[in-house]
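Working notes, beginning with the structure itself.
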Amino acid sequence: MKLRKQVTVCGGAIFCVAVFSLYLMLDRVQHDPARRQNGGNFPRSQISVLQNRIEQLEQLLEENHQIISHIKDSVMELTDTGAVSPSGHLPFRSANGSWVLPFDGRPTFLAVKPQDCQLAVGNGDQADVQMLDVYSLLKFDNPDGGVWKQGFDITYEADEWDNEPLQVFVVPHSHNDPGWIKTFDKYFTDQTQHILNNMVVKLAEDPRRKFIWSEISFFSKWWETADIHKQEAVRKLILGGQLEIVTGGWVMTDEANVHYFAMIDQLIEGHQWLERNLGVTPRSGWAVDPFGHSATMSYLLKRANLTSMLIQRVHYTIKKHFASTRSLEFMWRQSWDTGSSTDMFCHMMPFYSYDVPHTCGPDPKVCCQFDFKRLPGGRINCPWKVPPKAIVEANVAERAQLLLDQYRKKSKLYRSKVLLVPLGDDFRYDKALEWDQQYINYQKLFDYMNSHPEMHVQAQFGTLSDYFNAMYKANGVAQGSRPADFPVLSGDFFAYADREDHYWTGYFTSRPFYKSLDRVIESHLRGAEILYSLAVANARHVGMDGRYPVSDYALLVDARRTVGLFQHHDAITGTAKENVVVDYGTKMIGEATQDSLPQRTLIELDPAGPRLLSTSLSSQPAASSPVSILHQPLLMTYFSPPLSGRYLVLFNPIEQERLCVVTVLVNTVRVRVLTEDGQTLPVQLSAQWSSASQMSAEVIKRKDDPQEVKVQMQFVVYGTRPSKDKSGAYLFLPDGKAKPYHQKESPAVRVVEGPLFSEVVAHYQHFQQTVRIHNVPGVDGLSADITTTVDIRDQTNKELAMRLVTDIQSGDVFYTDLNGFQMQPRQHYLKLPLQANFYPMPSQAYIQDSQHRLTLHTAQSLGVSSLESGQLEVIMDRRLMQDDNRGLGQGLKDNKKTVNRFRLLLESRSTGNKMMDSTTTSFPSILSHMTNAVLNHEVLALPVLPKRRGIPPLQTFAPLKSILPCDVHLLNLRSIQSQQQDPHSPSPYTALILHRLALDCGLEAQNLGFNCTTTQGQLSVSGLFRDLDLQLLQPMSLTLMHPGTPLANDSSLSLDPMEISAFKLKLR
């Protein structure tokens, strides 16, 4: 048997050498220099030379034919009857029923150095406060705390501030959602533009007034319409410290469902805009409204060189615990950090909300009296029935004393005598009257307090950084450093509950159609960024700068901003009004289909070349999914004569070689696929089914593979509560445990089998489940491909879940990812309600025991839990008929037929390595990382329509000269905007953003289908790109605002495990 295999491989190798030699000879003829110089006018002497060469070629072909015949005869002698295809074509079926493919037994190697696995076995967590421990410790019992309902009674001694007066910074702010109840554009027209117009006027009236602003999507839109005087006024306000830009992202991003690629991209987009237009570098993070907080965000802000951050929406029991231990300010450290390099100073707001009644102190009835927009006669009042009073000389003493009491009580929850008091709410300060009401009344209170030394208080308006600077100064440490005795924390703040058992875990799944669409478009955007940067650099390299249409850069900018906008905490979360969701979707689908960015970039590499077939969504039925259209290009025959070929450009957006099945839709059963050099590729033709029992072509059958761990897939349904509060867009409030999904008729089941893949498709009334096994070596063939098409539009108050039931002894521990960046261990607690045990799953979740790990990889963010040992459960879609009283005013009734895509990967712990992960850290294997990459970055098949008859002038473009180490992920290669007048043109510089993956090497290595090596984080950029010269290599902060010292061009970069780093390159 071994001999037979060797001879087959040997024969195949000789065949390849022969064909390749032939190709080289043809190539030499084709590219003969003499011919090129003379164009088409051949002298007779050259024609005779050409005739001789053709004769030589014919002779070579004959010799080749004889060699191949000999090889074929040798192979036939050494194989059993029927083991070779009668026609000589691959793939074919052997006598034992298995398929023989041209790439069987492809040799690859896996060389991961033990040092590159250290993070997985190291003792990462040195934190004082570990969130998993906090969850174990607390009872979550919610007793009544008095005026601070979810807290406790706060007392203080009158003389506590005698030696060190209390410093109070009141920070006016206006929270502007880029879409929620109204669309982004409607909010801008109705409110945001007025807020910013008033800001310019009102801040200038008194230099003591301060204001902060966060969302650059709105600010940039306003800036474009502002005249030069307003722009200058803004620059002056920023320079004078009256206006501060906080965080500076395109939006205040959600932190549960977003992928770290998009988190970084919207942060870069905001920061690049600020650098170009205002010369501002944000220093403090401000996140008052995301529904729970991720440790990934603190890491990204740290890498962007911010020094401090603020968070607000944290479970009320956690807030109470942190307040009682005075741990509301802490250094947030990544759980995998073995030192303190990731430490980020974080301030947690202590009370229920970021509105005025819940920010001055523990008693909202008192604080509401100091929200001067609620003065009698206005449109809003205080629910506690005690209205504010305008500050006059007669009442200022009493009012100041009342307010100071709240300030003092609040300050008792923190470790320093510097206090932060936000002053604002959603879309506040849109009228000049409110600016006057708040600023004038507060200034009177401050003037009184500051002129009475016996009150021992210094109160003023401030920006967020004014507060942080004073706090660092009071503690005698540098900005961003850890004050003495302040705790170090690691972990995250999911799931969020704002009161009772109202857990905000529904939005992890709400509107899954758009969550899925977002990820497809992110992958397209990343692909377009990389191709564009390489195209521009290659054009420069060959002196074609002028011919390459840099105007396409404007399309990239638009796409970045559209994707950035959707990362907003009411967009990707699925928590906006129906018409707002449609607005987001229309913007995104426009980016994806009107002018496919990767397609356009590829084609523009050859400006004289072919134009593209664009697939329009409008011709599709309303129920169809743009996701499937984006994934499967349509190759119809209507645009060319029936016998001519159709052309596809395939783009592999990941940094490793891949062997995979590419799906395209065709409208004929007569299909042959040839490579650029004429080699036939194996093809499997499958029917496109229009219903469970109707199809448009024939299929082939094949049996499935057995699994070594029992995995049962169940579908279950959650209802919602019969009375009082019910589930909605934000909240998951189930009516008890899930009930099994059942329908009267048994499902229609189809089995499709063939050389490239086999699949089982089960049709149920509300979903269609496809499980596919790929018959190719490498990553694609090592996991089960699961596609679930869900349609629950005829349901009422139901949530459909997919549950995996296995015999893995996982206990009450499971693992979910944070933003596709890192894994977070989770624990199922019986002391918490069912809905509290659900977590976001942007890219994967797994369960494991000492023998196995079962990972569910996902191409879209959904809610996940493990409610029993050995189980993983994913909420697929939710249809809810009512609002859940969080301001939206609608249920979720706009469900769409949605395709959810997964990969199920089973791995064994290697012999002698039964070690379980530490309780605080866990990492995927290299196979798991690659599985996630192939699921989230499918090969893009871009249809090409030639202008003239014949083959379009496109050639293989392989930009990487050397392969990247397989633990280094190319997060982006992003053309940097020009700092000149036109922001829609690229500069000569490119941002290279790399992430070094951390690996768990304790799982058995498989044949990945490509050569995988690691280099202990070392990478040479100068040898990375083919045919390009590296003229600058400069380390940068993550958002490219803070430059490091340029390195020698031949330097080797060094990345630590989990590190994300950015570099500025000049390629030409």
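The values are calculated or read from the model by the stated rules, or taken from the named source; none is laboratory data. In this text the structure is predicted, and so the values were computed from the model without any measurement. For neighbour counting, all protein chains shown are included, and Cβ atoms are generated from backbone atoms with ideal geometry for every residue, glycine included. Note: accessible area is taken over every heavy atom of the protein model, side chains too, but ligands, DNA and RNA are not part of it. Shrake-Rupley method; radii C 1.70, N 1.55, O 1.52, S 1.80 Å.
Which loop trypsin sites (Lys or Arg not before Pro) in segment 360-397, with loop taken from DSSP, have no more than 14 other Cβ atoms within 10 angstrom of their Cβ?
ARG379, LYS385
Excluding ligands and nucleic acids, what accessible area in Å² is computed for CYS1001 using a 1.4 Å probe, to the nearest 10?
50
What is the local net charge at THR898, summed over the other residues whose Cβ is closer than 14 Å to its Cβ (Lys, Arg +1; Asp, Glu -1)?
+4
Enumerate the amide H contacts of LEU423 below 5 Å, restricted to partners 5 or more residues apart or on another chain; note that Pro and chain-start residues carry no placed amide H.
Under 5 Å from the amide H of LEU423 lie the amide H atoms of VAL171, HIS173, each far enough along the sequence or on another chain.
Can you list the HN-Hα couplings for segment 320-329, worked out from phi with the Karplus curve (6.51, -1.76, 1.60; θ = phi - 60°), rounded to whole Hz and with x for Gly and Pro?
4, 4, 5, 5, 5, 9, 6, 10, 5, 10
Set the Förster radius R0 to 22 Å, insert the Cβ-Cβ distance between GLU205 and ALA397 as r into 1/(1 + (r/R0)^6), and round the FRET efficiency to 0.05.
0.25
Show GLU1059, GLU232 ordered by accessible area, largest first, where the area counts protein heavy atoms only and the probe is 1.4 Å.
The most accessible residue leads, giving GLU232, GLU1059.
Taking 7 Å along the Cα-to-C-beta vector as the label spot, tell me the LYS724-ASP1050 distance in nanometres, rounded to one decimal.
The two pseudo-label positions are separated by 7.4 nm.
At 7 Å along Cα-to-Cβ for each site, give me the label-to-label distance between HIS742 and GLU232 in nm.
Each label point is offset 7 Å from its Cα along the Cβ direction, giving 7.8 nm.
Can you list the residues, at least 5 places off or on another chain, whose amide H is less than 5 Å from the amide H of LEU1053, using H built in the peptide plane?
Excluding prolines and chain starts, which carry no amide H, the hits are LEU1019, SER1020, VAL1021.
Determine the distance separating the Cα centre of segment 350-372 from the Cα centre of segment 795-817; give it in Å without decimals.
So the two Cα centres are separated by 40 Å.
Search the structure for amide H atoms under 5 Å from the amide H of VAL968, placed 1.01 Å from N in the peptide plane, and list their residues when 5 or more places away or on another chain.
Under 5 Å from the amide H of VAL968: LEU997.
According to the square roots a ≥ b ≥ c of the eigenvalues of the Cα gyration tensor, what is the shape class of segment 921-1058, taking rounded for a/c under 1.5, prolate for a/b larger than b/c otherwise, and oblate for the remainder?
In terms of gyration-tensor shape, oblate.
Of the options PHE508, ALA554, VAL520, report the single residue whose Cα projects farthest towards the positive end of the charge dipole of segment 492-558 (beta-carbon charges: Lys, Arg +1; Asp, Glu -1).
Of the listed residues, the answer is ALA554.
Simple spin-label model, 7 Å along Cα-to-Cβ: GLN679 to LYS385 in nm?
Computed distance between label sites GLN679 and LYS385 equals 8.3 nm.
So what are the ³J(HN,Hα) numbers for segment 483-499, from phi and the Karplus equation (6.51, -1.76, 1.60; θ = phi - 60°), rounded to whole Hz, Gly and Pro as x?
x, 4, 6, 6, x, 9, 10, 9, x, 9, 10, 10, 8, 8, 10, 9, 6
DSSP loop (so not H, G, I, E, B), at most 16 other Cβ within 10 Å: list which trypsin sites (Lys or Arg not before Pro) in segment 762-870 pass both filters.
Sparse-neighbourhood loop trypsin sites (Lys or Arg not before Pro): ARG793, LYS831.
Please check which bits of segment 1031-1068 a label hung off SER1020 would reach, taking the label as a point 7 Å along Cα-to-C-beta and the cut-off as backbone N under 15 Å.
In segment 1031-1068, the label zone of SER1020 (backbone N under 15 Å from the point 7 Å along Cα→Cβ) covers 1048-1054.
Could you please report the charge total around ASP116, scoring K, R as +1 and D, E as -1 over all other residues with beta-carbon less than 14 angstrom from its beta-carbon?
Result for the local shell: -2.
Provide the gained length on full extension for the span GLN115 to ASP794, in nm with one decimal, where the gain is 0.36 nm per separating residue minus the Cα-Cα distance.
Taking GLN115 through ASP794 to full extension adds about 239.0 nm, to one decimal.
Give the distance, in whole Å, between the Cα centre of segment 121-173 and the Cα centre of segment 266-300.
Here the two parts' Cα centres lie 25 Å apart.
If we sort 966-972, 169-175 on the protection proxy, mean other Cβ atoms within 10 Å, highest first, what's the order?
Listed from highest to lowest mean packing, they are 169-175, 966-972.
Hey, what do the phi angles of segment 785-801 turn into as Karplus ³J(HN,Hα) couplings, whole Hz, using 6.51/-1.76/1.60 and θ = phi - 60°, x for Gly and Pro?
Once rounded to whole Hz, the list reads 8, 10, 10, 10, 9, 10, 9, 10, 5, 9, 9, 10, 6, 10, 10, 9, 10.
Quick one: which of 952-963, 865-876 comes out on top by average Cβ neighbours within 10 Å, and what's the full order, highest first?
865-876, 952-963
Considering only the other residues whose Cβ falls under 13 Å of the Cβ of VAL386, what net charge follows from Lys and Arg at +1 and Asp and Glu at -1?
+3
Decide, for segment 945-1024, between rounded, prolate and oblate: order the square roots of the alpha carbon gyration tensor eigenvalues as a ≥ b ≥ c, take rounded if a/c falls under 1.5, and otherwise choose prolate if a/b is larger than b/c, else oblate.
Judged from the Cα gyration tensor, segment 945-1024 comes out oblate (a/c at least 1.5, b/c at or above a/b).
Please give me, ordered by residue number, the chymotrypsin sites (Phe, Trp or Tyr not before Pro) of segment 1007-1068 that lie in loop per DSSP and have at most 14 other Cβ atoms within 10 Å.
none
Once you have a ≥ b ≥ c as the square roots of the Cα gyration tensor eigenvalues for segment 404-504, tell me rounded if a/c is under 1.5, and otherwise prolate or oblate according to whether a/b is larger than b/c.
Judged from the Cα gyration tensor, segment 404-504 comes out oblate (a/c at least 1.5, b/c at or above a/b).
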